[in-house]
Amino acid sequence: MKEIFNIIVDLFVKNGFVMAFLIVGIVAMFSNFISAKVTRGRIHSSAIAIFLGLILAYIGGRVAGGSKGLSDIPIFTGIGVLGGSTLRDFTIISTAYGAKLSEIKKSGLIGVISLFLGIVLTFIIGALVSVAFGYRDSASVTTIAAGAVTFIVGPVTGAAVGASSDVVAISIATGVLKSIAVMLLTPVLAKKIGLKTPRAAMVFGGLMGTTSGVSAGLAATDPKLVPYGAMTATFYTGLGCLLCPSVLYFLVNIFLP
Amino acid sequence: MIYGVALLAGCMLVGSFLGNVFGLLTGLNSDIGGVGFAMILLLLVTNSRKLNRIIPETYVKGIHFWKEMYIPVTIAMAASQNVVSALSSGFLALVLGLGVVLIMLFLIPLFNKFAPSETESNEMEAEE
């Protein structure tokens, strides 16, 4: 009996990537069932699936104690490959097929405006909140504020301005929580904030920025909107890495000498 | 089908190249908006008549497959986030992470007000 069990575990570990398809398929099917039967279609099945994914990530993190959620458990490493940045980008790009070029041209300018405004406003909110929590040195304030931009901008900025590692950790956590909040809150608030046109989706992508949050949030709202939001969101992190350690750090230094 | 997948791969690599060159020019040495460039590229290529004459129409299947796989990939991505450390790293991260999202979400209607969508006036705005 034990040998059979070992064979199975071995198979799962060796074929982690294939295993990932099976697990995600089961999660999707289960979510579909809950969406249709329990919520009577009121909550999009993707939203439920993403939420379940986050719960699995929490369980995985508790069990394995790593930093990559469920995929740190040896038999589930394939989940990390399937959900890693390469395949994420590959599938995001594929969603552009079928998007209307005219819509993007039409909303291009407002998309760019929302990008700049999104980063600067987020940074200001982040700086104010971190000051309210007692941080007074410009490097820490800048790094935490940059974390509110995205969890990549935070550590990049922290390294550039020489922040301490616990501040960098807070900035990463802020960014991850932001992206989780976007995934979960977007489908809930979509109707209220008028998130139903390609233009609104482009503005949304620019204001929020976190590519994972935006793309998952829109997928759970209306998959047709994904390419528009993702298009602007993908420029956000780069622009954030550009602005935070330079112009915005400089501004923080003026206020916190 | 493989043509579509290959086309997608080509767009991703060229887009990533552009993003990296852009990163080099701005002194960041990382990929800036490579995915965005790749998306625009894919749109331009698939909208061009020439390409549709050269490549058999079935290439679309290869793109559609990955487009459908997008949500499963997103689920897997959610399952590999560092949720534990995010939730346990204190009140500041929680307040800030949630607060920023709520404030930004409620800015979207403002944007829509300033630039109303879905109306004919959009066409005129675009030409200005």
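Below are the figures for this structure:
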{"read-out": "Within 10 Å of each Cβ in A:114-121, the average number of Cβ atoms from other chains", "value": "2"}
{"read-out": "Packing-based ranking, highest mean first, of B:35-43, B:80-88 given that Cβ atoms within 10 Å are counted", "value": "B:35-43, B:80-88"}
{"read-out": "Relative contact order [Cα under 8 Å, 6+ residues apart], chain A, whole percent", "value": "18 percent"}
{"read-out": "Listed peptides A:65-78, A:222-235 by packing density, highest first (mean Cβ within 10 Å)", "value": "A:222-235, A:65-78"}
{"read-out": "Chain A - Rg over Rh from alpha carbon coordinates, Kirkwood radius", "value": "1.02"}
{"read-out": "Viscosity 0.890 mPa s, 25 °C: Kirkwood-radius Stokes-Einstein D of segment A:59-185 over Cα pairs, µm²/s", "value": "146 µm²/s"}
{"read-out": "Neighbouring partner chain Cβ atoms per residue of A:63-74, average, 10 Å criterion", "value": "3"}
{"read-out": "Diffusion coefficient, µm² s⁻¹, Stokes-Einstein with Kirkwood Rh over alpha-carbon pairs of chain B at 4 °C and 1.567 mPa s", "value": "69 µm²/s"}
{"read-out": "Principal axis dimensions, segment A:2-87 - Cα atoms, whole angstrom, descending", "value": "44, 29, 26"}
{"read-out": "Neighbourhood net charge (11 Å Cβ-Cβ; Lys/Arg +1, Asp/Glu -1) for B:Val83", "value": "+2"}
{"read-out": "222 nm mean residue ellipticity, helices alone, for the protein assembly as shown (DSSP H n ≥ 4; -39,500 (n - 2.57); rounded to 500)", "value": "-24000 deg cm²/dmol"}
{"read-out": "Over 20 Å (Cα to Cα) - which of A:Lys100/B:Lys67; A:Lys105/B:Lys50; A:Lys37/A:Lys192; A:Lys100/A:Lys196; A:Lys224/B:Lys50 fall in this group", "value": "A:Lys105/B:Lys50; A:Lys37/A:Lys192; A:Lys224/B:Lys50"}
{"read-out": "Inter-part distance where segment A:11-76 and segment A:165-231 are each reduced to a Cα centre, Å", "value": "20 Å"}
{"read-out": "Extension gain (nm, one decimal) between A:Asn6 and A:Met29, 0.36 nm per residue minus Cα-Cα", "value": "5.5 nm"}
{"read-out": "Sparse-neighbourhood loop sites, trypsin sites (Lys or Arg not before Pro) in segment A:70-120 - DSSP loop, at most 10 other Cβ within 10 angstrom", "value": "none"}
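Coordinate-derived values only; no laboratory data. This is a predicted model, so every value here is computed, not measured. Cβ sites come from the backbone with ideal geometry, for glycine too, and all protein chains shown count toward neighbours.
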